[in-house]
1. Quick one: would you say residue 122 is crowded, with 22+ Cβ neighbours inside 10 Å, among the small types (Gly, Ala, Ser) and in the same structural domain as residue 102 (by TED's automatic domain parsing)?
2. Kindly establish whether residue 167 is in the same structural domain as residue 129 (by TED's automatic domain parsing) and more than 15 Å from the chain's Cα centre (by Cα).
3. Given the structure, is residue 440 buried (at least 16 other Cβ atoms within 10 Å of the Cβ) and without any contact (Cβ under 8 Å) to a residue 60 or more places away in the chain?
4. If you go through the stretch 227-240 one residue at a time, how many are within 8 Å of the ligand (Cβ to nearest atom) and part of a strand (DSSP E or B)?
5. Would you call residue 243 in the same structural domain as residue 119 (by TED's automatic domain parsing), more than 7 Å from the ligand (Cβ to nearest atom) and not hydroxyl-bearing (Ser, Thr, Tyr)?
6. Return a yes/no flag: does the stretch 361-381 have any residue that is within 15 Å of the ligand (Cβ to nearest atom) and crowded, with 23+ Cβ neighbours inside 10 Å.
7. Of the residues 189, 113, 179, only one is under 30 Å from residue 251 (Cβ atoms), of a type in the set (A, V, I, L, M, F, W, C) and under 15 Å from the mean Cα position of the chain (by Cα); which?
8. Could you grab the pairs with beta carbons closer than 6 Å, sequence gap of 6+ or different chains, first residue in the stretch 336-363 and closer than 22 Å to residue 288 by Cα, second one within 16 Å of the ligand (Cβ to nearest atom) and assigned to a helix (DSSP H, G or I)?
Amino acid sequence: MVATTLKTPHTGDYHQPTGLFINNEFVEGVDKKTFEVINPTDESVITSVHEATEKDVDLAVSAARKAFEGSWRTETPENRGRLLVKLADLFERDIDTLAAIESLDNGKAITMAKGDVGMAAGCLRYYGGWADKIEGKVVDTTPDTFNYIRKEPIGVCGQIIPWNFPILMWAWKIGPAVAAGNTVVIKTAEQTPLSALYAAKLIKEAGFPPGVINVISGFGKIAGAAIASHMNIDKVAFTGSTLVGRQIMKAAASSNLKKVTLELGGKSPNIVFDDADIDNAISWVNFGIFFNHGQCCCAGSRIYVQEGIYDKFIERFKERALKNKVDDPFQADTFQGPQISQLQFDRIMGYIKHGTEEGAKLEVGGKRKGDRGFFIEPTIFSGVTEDMKISQEEIFGPVCSISKFKTKEDAIKVGNNTTYGLAAAVHTSNLNTAIEVSHALRAGTVWVNTYNTLHHQLPFGGFKESGIGRELGEAALDNYTQTKTVSIRLGDALFG
Ligand code: ADP
């Protein structure tokens, strides 16, 4: 059995593949192992999917290698682009089903899930457009030499993605890799394999040749580790925790020195100046931390408010946070669904306990919501000092800390007081402050008077321990191409 019939409140019955997608076919794992997929909303078992072990990773890599050498690396850029655009169209055709699968499997609110699928389609189409615009150049050196520089695909790419944006991360990874002429083996997170398997069906329907995109479900320590250390994978791209990112890099270094790109954790500062439009700022600060239940690597979890509006800000922000509807993800007006798993739930509750014990003031939230599913109330701590654990460590849940600052210089100092550097934001009506602080913050993305507004045309990635390389935009193509110099001698032999 490599498929089953599942049901969601929004789709009724639908066809859900459960096998490993290798060579354009759904297959069982070599060892015939399966694992359960849990619904975070009610903790029930949704279904079981096939688990990839090292042997399945080998098979998927062989398929990807054959596709790369056999046809894909020489496929016309126009056709590569056409297939990606077709895949984007199929995502849009099936947006309701894909979004419902995300809500079922990940617990994200259905309106947000639809946003994710729409953005995934946008990303695939964007890279479809890039496929025939990846260009080299001619470099003149001496009159008797003709030199040109090509951007060539890297080869077989292993891609490991997390559970917080299952289908969006899938598109972010596959789009640039495939546009540039690589083939891929992508492993989804063990918590959320379902939407990617449904999307795998669409790969075949779009007409991709077998082996170009292989999608496997499995555990990090087994299938993920096998990808990171595989001798026949040319590049590994990973999104997830900094802890695992380090392991991936070590595995790449001690195997075949495959190229590595990492998009890791964050502890992003969200800085609000006295002169900010306070309603606007509160709305973006709320969205910055509580969107996707706080499960965003770029979540604005450290909120710094200038002293003149500090008290007013806290009161108004509390009111705003209490209006976020935390409920069943399939209800149209739900803003926040459950956390992904018992493990994450326990971690987050542990941080909340720590915050209270360390002396931060719990302004709102802090408790489980309901008695079934992994729901946590939006939680705000104030009076947080820089040495507290909740100010330093990534919580990855609906928990934020607020602290007061005096001057612009103070704001920059505390904003940069982290080992991470993924994102940051500044709220102010003063253009000079906006630009000065944006340039001083050591982060890959800085938002001004907004938050979490990612777009596939704009590069995204980390300074410091938040990662290596960039996703999205033209920049992502640099991670999926390698530069070749061809130098042709035009004149006579130089040495007789
Ligand atoms: P989280 O802690 O948020 O679950 P992880 O970094 O553990 O994030 O997981 C992100 C992705 O990395 C998942 O697909 C997971 O299976 C994978 N992963 C976890 N551990 C490893 C590992 N040792 N090697 C390779 N991949 C891993």
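1. no
2. Values: in the same structural domain as residue 129 (by TED's automatic domain parsing): yes; more than 15 Å from the chain's Cα centre (by Cα): no.
Judged against the criteria, residue 167 is not a match.
3. Against the criterion (buried (at least 16 other Cβ atoms within 10 Å of the Cβ) and without any contact (Cβ under 8 Å) to a residue 60 or more places away in the chain), residue 440 qualifies.
4. 2
5. Against the criterion (in the same structural domain as residue 119 (by TED's automatic domain parsing), more than 7 Å from the ligand (Cβ to nearest atom) and not hydroxyl-bearing (Ser, Thr, Tyr)), residue 243 does not qualify.
6. First, pick out the residues of the stretch 361-381 that are within 15 Å of the ligand (Cβ to nearest atom): 374.
If we keep only those that are crowded, with 23+ Cβ neighbours inside 10 Å too, we end up with 374.
Yes, the stretch 361-381 contains a residue that is within 15 Å of the ligand (Cβ to nearest atom) and crowded, with 23+ Cβ neighbours inside 10 Å.
7. Working: 113 fails: under 30 Å from residue 251 (Cβ atoms); 179 fails: under 15 Å from the mean Cα position of the chain (by Cα).
Only one candidate passes the filter, namely 189.
8. 336/293; 339/293; 339/345
The values are calculated or read from the model by the stated rules, or taken from the named source; none is laboratory data. What you are looking at is a predicted structure, and each value in this text was computed from that prediction instead of being measured. All Cβ positions, even for glycine, are placed from backbone atoms using ideal geometry, and neighbour counts span all protein chains on display.
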